[in-house]
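Notes follow once the structure below has been shown.
The values are calculated or read from the model by the stated rules, or taken from the named source; none is laboratory data. Nothing here was measured: the structure is a model prediction, and the numbers come from that model. Ideal geometry is used to build each Cβ from the backbone, glycine not excepted, and the neighbour counts take in all protein chains shown. Protein only, heavy atoms only, side chains kept; ligands, DNA and RNA dropped before computing areas. Shrake-Rupley method; radii C 1.70, N 1.55, O 1.52, S 1.80 Å.
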Amino acid sequence: MKATAIAPANIAFIKYWGKKDERLRLPANGSISVNLSNLQTITTVDFSADYQEDIVIINHKKDKKEATRVVEHLNRIRHLAGIKNRAMVVSQNNFPTATGLASSASGFAALTVAAASAASLNLSEKELTILARQGSGSACRSIPDGFVEWFEGKNNETSYAHSIFPADYWSIRIITITLAYESKEVGSSLGHKLALANPFFKTRLLRINEKIKRIKRLIKEKNFRQFGEMIEREALELHAIALTSDPPIIYWQPETVKIINLIRLWRKENLSAYFTIDAGPNIFLVCEEKNLNKLIAKLNKIKEIKKIIINSPSRGTRLISKHLF
Ligand code: DP6
């Protein structure tokens, strides 16, 4: 059976950083995100007795390292469905992978929904998020619509994601600013691990539930200024943990700091925009729709920027009828 799904990437406002169970990918804390309309992965999965082994083609290439994680995920799905057939998986991002924007969230969300359907599993949205989480933690947040909360949970069944507001609830824009290509060596995996032994991480966890409550209220009230201030502090906190881990991880490049300073300067000039940053050097700039054009004009003048992509809040992952093969 063959099925195809399209999934958005997502950006976290309150970050997932640290795992309390590495095998199940249970996070050390809950997180809040929004799906991004213009960073998408499309994946087709076909289970058939005709395949001798799993074949995994991502962006037109066979990638051994990625394939191992994909096959592990297919095994989870085969186990649930009670099937033995091997699969052909073809996956494509609609954004250039060289832009260095995280694709594991959209990748594993699309893979989960396509493979579950191709294996004739009839899963609820909640069950799909639980499954996606085991492939890549942040992928569970790409399945429900719009603004999403991932509950930390105590075990496999209670760590899942759900939509807190639909995509059209708040017309913010998220501009992804690619400054440098992300190096695979300092991806998020190492950061997640090192955080656990970092003494500052305990302090972060003491305050995190309060932060989650507050950000949900600020989104509900559409309080852009306080929301923006909060997402910046949260991003800086993640990087403070990374910088003080042992060994330290420095995800930023000089261009990252340059753009941070410019965004803060623009605010002084009454052009309101705030940043968030994941485990890499690139910046996600969040603004209200009314300021989008002014900000784009400013960004277009900065020579260090390799690419910008403008996103709105988006729906979650869904099946589509057009297959990739
Ligand atoms: C910094 O979801 O990539 O983007 O579960 O190991 O696949 P794995 O980690 P991943 O971690 C994402 C970390 C982050 C913050 C976030 O998206 O919440």
Query raised in the report: Taking strands (runs of 3 or more DSSP E) that do not extend beyond segment 1-75, which have at least 1 residues that are closer than 30 Å to Ile208 by Cα and within 12 Å of the ligand (Cβ to nearest atom)?
Result: 2-14, 19-21, 31-48
Query raised in the report: With respect to Asn93, is the statement that it is closer than 26 Å to Gly146 by Cα, away from the ligand (no atom under 16 Å from the Cβ) and in the same structural domain as Ala110 (by TED's automatic domain parsing) true?
Result: no
Query - Residue list for segment 113-133, restricted to those being out of contact with any Cys (no Cβ under 9 Å at 6 or more places or on another chain), part of a helix (DSSP H, G or I) and not hydrophobic (A, V, I, L, M, F, W, C) - result: Ser117, Glu125, Lys126, Glu127
Query - Unmet requirement for Ala87, which otherwise passes all of (1) closer than 23 Å to Met1 by Cα; (2) open to solvent by 10 Å² or more (accessible area, probe 1.4 Å); (3) free of Cβ contacts under 8 Å to residues at least 60 places away in the same chain - result: (2)
Report task. For segment 158-166, state whether one or more residues are β-branched (Val, Ile, Thr), over 30 Å from Ile310 (Cβ atoms), assigned to a helix (DSSP H, G or I) and not assigned by TED's automatic domain parsing to the domain that holds Thr244. Result -> no
**Report entry** Single match in Gly280, Gly228 (criterion: surrounded by 14 or more Cβ atoms within 10 Å (Cβ to Cβ) and away from the ligand (no atom under 16 Å from the Cβ))
**Finding:** Gly228
Query raised in the report: With respect to Leu265, is the statement that it is out of contact with any strand residue (DSSP E or B) (no Cβ under 7 Å at 6 or more places or on another chain) and more than 23 Å from Ile14 (Cα to Cα) true?
Result: yes
Query raised in the report: Restricting attention to segment 1-44, and to residues there that are hydroxyl-bearing (Ser, Thr, Tyr) and open to solvent by 20 Å² or more (accessible area, probe 1.4 Å), which single residue is nearest to the chain's Cα centre (by Cα)?
Result: Tyr16
Query raised in the report: Taking Ala195, is it of a type in the set (Gly, Ala, Ser), on the phi < 0 side of the Ramachandran plot and within 14 Å of the ligand (Cβ to nearest atom)?
Result: yes
Query raised in the report: Counting just the residues of segment 283-320 that are under 22 Å from Ala109 (Cα atoms) and hydrophobic (A, V, I, L, M, F, W, C), which one comes out surrounded by the most Cβ atoms within 10 Å (Cβ to Cβ)?
Result: Phe284
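If only one of Phe151, Phe147 is under 14 Å from the mean Cα position of the chain (by Cα), in contact (Cβ under 8 Å) with a residue 24 or more places away in the chain and within 16 Å of the ligand (Cβ to nearest atom), which one is it?
Values: Phe151 fails: under 14 Å from the mean Cα position of the chain (by Cα).
Phe147 is the lone residue from the list that is under 14 Å from the mean Cα position of the chain (by Cα), in contact (Cβ under 8 Å) with a residue 24 or more places away in the chain and within 16 Å of the ligand (Cβ to nearest atom).
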